[in-house]
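Heads up: the structure comes next, in C-alpha cells.
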Amino acid sequence: MTAVNNESVLQMLKEEFTEAVMQSDTQYGMLSVEIPADRNTEIVGWLKSHSLINMGFLTDVCAVHYPEQKGRALVVVYHLHSWTKNFRMRIKCFLPAEKPEIATMTGLYNSANWMERETFDFYGVQFIGHPNLKRILNMDEMDYHPLLKQYALEDETRDDKVDSFFGR
Amino acid sequence: MVKMVDAPQGIEGQGFFATSLGKVIGMARANSLWPLPFATSCCGIEFMATMGSNYDLARFGSERLSFSPRQADLLMVMGTIAKKMGPVLKQVYDQMAEPKWVIAVGACASSGGIFDTYSVLQGIDRIIPVDVYVPGCPPRPEQIIEGVMKIQDLARNESLRRRNSDEYKKMLESYNIETQ
C-alpha cells in the first residue's frame, strides 16, 4: 500500500491531472499545489473521494491579495486535512482581480459555506453557486472588501492622529 | 457600619424640614442608579470585580444591575464596540428612559483604543452622547468607581428641567436620536 505523504500525493495528482498541477512546493513540511481556478471542485473532489488519500475535512478557505501580480492578483487557498491518514495540504487557485470568480466548494464540504462567505466578505471573491453569499463578519452597510490592499487598514474617519507621531 | 447620605441643604426646625424638590430628587437619583452593564471585553471583567464584594459598587446604591434598558438609569459601556455592534448599542440607549446617563469605560469605548481599524467604532461618542469617560486599558475597579461617582455628581446636581431644554434636544438630534 502506498504511503500518503507529500511526494506520493503530488505524484498521484500529476498522474491523474498532468498539466493541471501547475506548480507545487513544500513549505514547513506542508505540500502546496497550484491548480487552475476552473478545475477546483474537480480536483478537490477527487482528493476527497480518493480511497487512499481521503481528504475528508476542509480546514480552511481563505484568500490572499497580491496587487502587483497582473491577472493573478487574488489567490484562494484551500487547506485540506485527511483525518484517516493524518495528512494536510494546501490547494491554491489564482484569480484575476477584475473577475474574481470561482466555483463553490459547498457541494463537497458543508464547512465551506461559512468560510467562503468570510472570504467573500473580506476579499470580494465571488463563489459561484454558493447558497447564501453575503457578508458574515463585517457590517452589512460596508461597501468595500477591507482586506484588499488598496484600502487602508486604519479607520479613515479619525482626524486626531498626526502621521509624524506614528512614524508614517 | 451603614453610612447614611447627608440631607441636602435646607431649613430645619422642630417637626419640619424645607428644601428644594430638585435637591431631594437629585439625592435620590444619585444614590439609586441602576446600571446596565454593556460589557464586551476585558473592561467587563474589571466591572465584575467592581461589582464583587471587594470593591462593592452596592455601597453607592448601584447594586441593582438592570439587564433591561427600560429600567436602567446608567449605561455602562465596557469594551470594544465593533461597528457592527454600533446599531445594537444605539438601540439599547434609545430604549432607556430619561433621565439616563452614559459612562464609557476604558480606552476602546472612549476612543477605539488600540483598535484603530476599519471594523471598530472609534469611540462610542460617535453614536451616543457620553457623560463620563474612564481612561485605562483596562481601568482598575477604583477608576470605574470614580467614574460612577462622577455620574452621581452629575445626577445630584442636574437641573430637573435640563432634559426638556432645547439645548438637550439639539444635542440628541445631532446624534440622530429621536426625542420624546
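The values are calculated or read from the model by the stated rules, or taken from the named source; none is laboratory data. What you are looking at is a predicted structure, and each value in this text was computed from that prediction instead of being measured. All Cβ positions, glycine included, derive from the backbone under ideal geometry; neighbour counts span all protein chains shown.
From the list A:LEU95, A:LEU74, which one is closer than 24 Å to A:MET139 by Cα, crowded, with 19+ Cβ neighbours inside 10 Å and touching a residue at least 40 places away in the same chain (Cβ under 8 Å)?
None of the other options fit; the residue is A:LEU74.
Being of a type in the set (Gly, Ala, Ser) and buried (at least 19 other Cβ atoms within 10 Å of the Cβ) is the filter here; which residues of the stretch B:109-137 pass it?
Across the stretch B:109-137, the qualifying residues are B:ALA109, B:SER110, B:SER111, B:GLY112, B:GLY113, B:GLY123.
In the stretch A:1-71, which strands (runs of 3 or more DSSP E) lie fully inside it and hold 2 or more residues that are among the aliphatic types (A, V, I, L, M)?
Filter on the stretch A:1-71 gives A:30-34, A:57-65.
A:LEU108 passes all but one of (1) touching a helix residue (DSSP H, G or I) at 6+ places or on another chain (Cβ under 6 Å); (2) within 14 Å of another protein chain (Cβ to nearest Cβ); (3) more than 16 Å from A:ALA63 (Cβ to Cβ); which number fails?
All conditions are met except number (2).
How many residues, within the stretch B:44-62, are on the phi < 0 side of the Ramachandran plot and either among the hydrophobic types (A, V, I, L, M, F, W, C) or surrounded by 13 or more Cβ atoms within 10 Å (Cβ to Cβ) (or both)? Give the steps one after another, and end with the answer.
As a first pass, look at the stretch B:44-62 and keep what is on the phi < 0 side of the Ramachandran plot: B:44-55, B:57-60, B:62.
Retained after the next criterion (residues that are either among the hydrophobic types (A, V, I, L, M, F, W, C) or surrounded by 13 or more Cβ atoms within 10 Å (Cβ to Cβ) (or both)): B:44-51, B:55, B:57-58, B:60, B:62.
Summing the residues that are on the phi < 0 side of the Ramachandran plot and either among the hydrophobic types (A, V, I, L, M, F, W, C) or surrounded by 13 or more Cβ atoms within 10 Å (Cβ to Cβ) (or both) in the stretch B:44-62 gives 13.
Looking at A:LEU133, A:LEU137, A:LEU80, can you tell me which residue is touching a helix residue (DSSP H, G or I) at 6+ places or on another chain (Cβ under 9 Å), within 30 Å of A:SER8 (Cβ to Cβ) and surrounded by 12 or more Cβ atoms within 10 Å (Cβ to Cβ)?
So the residue among A:LEU133, A:LEU137, A:LEU80 that is touching a helix residue (DSSP H, G or I) at 6+ places or on another chain (Cβ under 9 Å), within 30 Å of A:SER8 (Cβ to Cβ) and surrounded by 12 or more Cβ atoms within 10 Å (Cβ to Cβ) is A:LEU80.
Is it the case that A:LEU137 is of a type outside the set (Lys, Arg), assigned to a loop (DSSP other than H, G, I, E, B), in contact (Cβ under 8 Å) with a residue 60 or more places away in the chain and within 14 Å of chain B (Cβ to nearest Cβ)? Before you say what the answer is, go through the steps one by one.
Details: of a type outside the set (Lys, Arg): yes; assigned to a loop (DSSP other than H, G, I, E, B): yes; in contact (Cβ under 8 Å) with a residue 60 or more places away in the chain: no; within 14 Å of chain B (Cβ to nearest Cβ): yes.
Criteria not met by A:LEU137.
When residues of the stretch B:9-25 are filtered for being surrounded by 15 or more Cβ atoms within 10 Å (Cβ to Cβ) and either at pLDDT below 90 or in contact with a Leu (Cβ under 8 Å, 6 or more places away or on another chain) (or both), how many remain?
Residues that pass the stated criteria total 2.
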